[in-house]
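*Asks:* Handing you a structure now.
The values are calculated or read from the model by the stated rules, or taken from the named source; none is laboratory data. Quantities reported herein were computed from a predicted structural model and do not represent experimental measurements. Note: ideal-geometry Cβ built from the backbone for every residue, glycine included; neighbour counts use all protein chains shown. SASA here: full protein model, heavy atoms, side chains in, ligands and nucleic acids out. Shrake-Rupley method; radii C 1.70, N 1.55, O 1.52, S 1.80 Å.
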Amino acid sequence: MSRLRAKCPDCRTQTAVALGPDYQCHACGREFGAGLVRVPRAWGDGGEAMAEAAALPLPYPEAVVVAEDSLGEQSLVLAFDLPERPLVLGGCCCSHIGAVEGLGTRHGRIGVVWLDAHGDLNTPETSPSGNAWGMPLRMLIDSGAVGADDVVLIGARNLDAPEREYIASVGIEQGQDGIAPALEGTEGAYVALDCDSLDPAAVASFMPEPGGLALADVEQLLSRVAAEHAVLGAGLTGLVPEARNVEPLTRLCSALGL
């Protein structure tokens, strides 16, 4: 199926057609600000619930489902099949790798706003668990897909010691005040939202951490990003397949202008 066509969430048929970065359903006339990319994979031990969460019924046209047998293949296919403005629904945070790579190839220098309770900055040598889902941001920086200067990490409150050392050594921006300097000089932003960055009472995440960000505060933060920078795409990861997640996730996507 051409990536110019997608399944309308209302009509449930392939009648949503890409019009630049947006989609319009030719059957019901509804318009959407992004094409949904489902990535039902979690690269680590025991992540089946995260993979199942990629099926959550978000109100966006389904452009593609990426379910490859290796992380490398997943990233390649995702980068190639990416809609003009993607909304990625994982799965684990490794879903962001192909999205950032594809958008970087398309747009040049991009910035990444990474909201996560964890750093995702480990390597196979430093990771306590060995799970790849604890490494995707480091993979993106080490591969050159995004510069460390063009990344801001928000909501991190459970960092491993090697991650703290790495952040200090390369100067990754942290917190909301780091958004502007991280995105300065870029063509726009990809927003990677691991939902464990949020207050566990707001969203059911796979690895909830106490002391998360309030939903209203993240909604305001994302609105600010959309008002001041071009949002090239976004991704939602680290979820469990609970129906109560749909409403807050839809709110956050709307805040981004999607």
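*Asks:* Hey, can you find the accessible area per residue of the stretch 75-223 for me, probe 1.4 Å, expressed in square angstrom?
*Replies:* I get 36 Å² per residue for the stretch 75-223.
*Asks:* Further question: Give the long-range amide H neighbours of residue 35: residues separated by 5 or more places, or on another chain, with amide H under 5 Å away, using H modelled in the peptide plane at 1.01 Å from N.
*Replies:* Answer set, sorted by chain and number: 85, 87.
*Asks:* Here's another thing I want to ask about it. Less than 13 Å Cβ to Cβ from residue 133, Lys/Arg counted +1 and Asp/Glu -1: what total charge do the surrounding residues give?
*Replies:* It works out to a net charge of -4.
*Asks:* Rounded to a whole number, what % of the accessible area of the chain do carbon and sulfur atoms account for, probe 1.4 Å?
*Replies:* 50 percent
*Asks:* Can you tell me the Rg and the Dmax, both Å, for the Cα atoms in the stretch 40-105?
*Replies:* According to the Cα coordinates of the stretch 40-105, Rg and Dmax are 11.3, 33 Å.
*Asks:* While we're looking at this one, here's another question. For residue 68 and residue 28, compute 0.36 nm times the residue count separating them, minus their Cα-Cα distance, and round to one decimal in nm.
*Replies:* Between residue 68 and residue 28, full extension yields 11.2 nm more.
*Asks:* Rounding to the nearest 10 and keeping the result within 0 to 90°, find how far the Cα-based axis of helix 246-255 lies from the longest principal axis of the chain.
*Replies:* Roughly 90 degrees between the two axes.
*Asks:* Ratio of alpha-carbon Rg to the 2.2 N^0.38 Å globular estimate for the stretch 147-258, to two decimals, please.
*Replies:* In units of the 2.2 N^0.38 Å rule of thumb, it is 1.07.
*Asks:* With an 8 Å Cα cut-off and a minimum separation of 6 or more residues, compute the relative contact order for the chain in percent.
*Replies:* 19 percent
*Asks:* Please check the chain for the longest run free of GluC sites (Glu not before Pro) that are loop-located per DSSP (anything but H, G, I, E, B) and have at most 15 other Cβ atoms within 10 Å.
*Replies:* In the chain, the maximal stretch lacking such sites is 1-67.
*Asks:* Mind listing P(r) for the stretch 70-199? All alpha-carbon pairs, 5 Å bins, whole percents.
*Replies:* Here the calculated profile for the stretch 70-199 is 2, 11, 22, 26, 22, 12, 4, 0.
*Asks:* For the stretch 182-231, compute Rh as the Kirkwood radius over C-alpha pairs and then the Stokes-Einstein diffusion coefficient at 37 °C and 0.692 mPa s; write the answer in µm²/s, rounded to an integer.
*Replies:* D, rounded to a whole number, is 274 µm²/s.
*Asks:* If you build a Gaussian network model of the chain, linking Cα atoms that sit under 10 Å apart, which residue out of 81, 120, 69 swings the most?
*Replies:* 69
*Asks:* Using just the Cα positions, wrap the stretch 107-184 in a convex hull and report its mean projected area in square nanometres, one decimal place.
*Replies:* Projected over every direction and averaged, the Cα hull of the stretch 107-184 covers 4.9 nm².
*Asks:* Are there any trypsin sites (Lys or Arg not before Pro) in the stretch 84-158 that are in a DSSP loop and have at most 13 other Cβ atoms within 10 Å? List them by number.
*Replies:* Answer in residue order: 109.
*Asks:* Which whole-number percentage describes the relative contact order of the stretch 1-137, with Cα contacts under 8 Å and a sequence gap of 6 or more?
*Replies:* Relative CO of the stretch 1-137 lands at 23 percent.
*Asks:* Under the definition of Cα pairs under 8 Å and six or more residues apart, what whole-number percent is the relative contact order of the stretch 107-258?
*Replies:* 25 percent
*Asks:* I would also like to ask the following. Can you give the calculated 222 nm mean residue ellipticity of the chain, where each DSSP H run of n ≥ 4 adds -39,500 (n - 2.57) and the sum is split over every residue, rounded to the nearest 500 deg cm²/dmol?
*Replies:* Theoretical 222 nm ellipticity from helices: -8500 deg cm²/dmol.
*Asks:* Please state the shape class of the stretch 15-131: rounded when a/c is under 1.5, otherwise prolate if a/b exceeds b/c and oblate if not, all from the C-alpha gyration tensor.
*Replies:* In terms of gyration-tensor shape, prolate.
*Asks:* What is the Cα centroid distance between the stretch 90-115 and the stretch 152-208, reported in whole angstrom?
*Replies:* One Cα centre to the other: 14 Å.
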